[in-house]
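Reading through the structure tokens given below for one structure.
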Amino acid sequence: MQISVITDENLIKSYISKLYSELFGEAKVPTSAEFDSIFEALPAHRHTAYEVKIDDEPVAFFTLSDSFSFFANGRYGIINELWVSPDHRATGVGSKVIDEIISLAKEHEWSRVDVSAPPNAQWDRTFAFYQKCGFEFTGRKLKRYV
């Protein structure tokens with residue numbers, strides 16, 4: 001398994017489009033203008049995109065952000081996006097990706113890694129996967145658009 005940082009905007013757009021299509025439907029995939037706005041703001045944030053390959057075949061994509069809180073005892077990481085190719089789900093690839101993320105977290109000296117799973121019942125398997133990988137349920141997550 002090879003993991004590499006990716007900065008190619010078209011490649012990142014492709015992965016985000018696949019993820020959003022699955023999670024929310026095609027209508028929720030960011031438009032070109034929305035992607036442009038996101039990429040314009042990106043350099044100001046500690047956010048990194050990664051591509052995962054096996055034998056030069058792309059099998060997964062994830063993004064990590066560096067965050068900080070007193071509640072977390074300092075710096076911690078957030079998995080903002082994680083997508084595994086449908087052909088590689090339930091094959092152990094996802095667990096290996098999580099192991100690599102934890103290794104990256106240790107390199108960054110993060111105290112923990114947070115992840116959110118979609119709330120709908122159709123994503124219960126995803127939630128169970130994260131728990132199987134050692135993530136603990138810590139409560140409900142809320143958001144408010146501004």
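The values are calculated or read from the model by the stated rules, or taken from the named source; none is laboratory data. From a predicted model like this one, the values you see are computed outputs, not experimental measurements. Note that each Cβ is placed from the backbone with ideal geometry, even for glycine, and that neighbours are counted across all protein chains shown.
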Which one of these does Thr48 not meet: (1) surrounded by 15 or more Cβ atoms within 10 Å (Cβ to Cβ); (2) among the β-branched types (Val, Ile, Thr); (3) under 18 Å from Phe127 (Cα atoms)? (3)
Specify which of the listed residues (Asp87, Asp99, Asp114) is surrounded by 16 or more Cβ atoms within 10 Å (Cβ to Cβ) and among the charged types (D, E, K, R). Asp114
On the basis of being surrounded by 11 or more Cβ atoms within 10 Å (Cβ to Cβ) and touching a Phe, Trp or Tyr at 6+ places or on another chain (Cβ under 9 Å), does Leu82 make the cut? yes
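Can you tell me which residue within the range 113-125, out of those that are in a helix (DSSP H, G or I) and not hydrophobic (A, V, I, L, M, F, W, C), is farthest from Ser65 (Cα to Cα)? Walk me through it before giving the result.
Keep residues of the range 113-125 that are in a helix (DSSP H, G or I), which gives 121-125.
Add one more test, that the residue is not hydrophobic (A, V, I, L, M, F, W, C), and what stays is 122, 124-125.
Details: Gln122: 26, Asp124: 24, Arg125: 24 Å.
In this case the residue turns out to be Gln122.
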Picking from Phe24, Phe61, Phe39, which residue would you name as being more than 16 Å from Cys133 (Cβ to Cβ) and modelled with pLDDT of 95 or more? Phe61
The residue that is surrounded by the fewest Cβ atoms within 10 Å (Cβ to Cβ), considering only those in the range 51-63 that are in contact (Cβ under 8 Å) with a residue 40 or more places away in the chain and closer than 13 Å to Ile12 by Cβ, is Glu51
Per the list (1) assigned to a helix (DSSP H, G or I); (2) surrounded by 16 or more Cβ atoms within 10 Å (Cβ to Cβ); (3) hydrophobic (A, V, I, L, M, F, W, C); (4) at pLDDT below 95, residue check on Ala128 breaks on (2)
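Please enumerate the residues belonging to the range 1-21 that are in contact with a strand residue (DSSP E or B) (Cβ under 8 Å, 6 or more places away or on another chain), assigned to a helix (DSSP H, G or I) and farther than 20 Å from Lys96 by Cβ.
Within the range 1-21, the first condition is being in contact with a strand residue (DSSP E or B) (Cβ under 8 Å, 6 or more places away or on another chain), and the residues that meet it are 1-7, 11-12, 15-16, 18-19.
Applying the additional criterion that residues be assigned to a helix (DSSP H, G or I) yields 11-12, 15-16, 18-19.
If the condition is that a residue be in contact with a strand residue (DSSP E or B) (Cβ under 8 Å, 6 or more places away or on another chain), assigned to a helix (DSSP H, G or I) and farther than 20 Å from Lys96 by Cβ, then Leu11, Ile12, Ile16 are the ones that fit.
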Could you list all residues from the range 68-78 that are in contact (Cβ under 8 Å) with a residue 24 or more places away in the chain and more than 14 Å from Lys106 (Cα to Cα)? Ala72, Asn73
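Does Lys106 meet the test of being out of contact with any helix residue (DSSP H, G or I) (no Cβ under 8 Å at 6 or more places or on another chain), exposed (fewer than 15 other Cβ atoms within 10 Å of the Cβ) and closer than 18 Å to Ile16 by Cβ? Give the steps one after another, and end with the answer.
Working: out of contact with any helix residue (DSSP H, G or I) (no Cβ under 8 Å at 6 or more places or on another chain): yes; exposed (fewer than 15 other Cβ atoms within 10 Å of the Cβ): yes; closer than 18 Å to Ile16 by Cβ: no.
No, not satisfied.
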Please note which strands (runs of 3 or more DSSP E) are completely contained in the range 23-112 and include at least 3 residues that are over 12 Å from the mean Cα position of the chain (by Cα) and not charged (D, E, K, R). 57-69
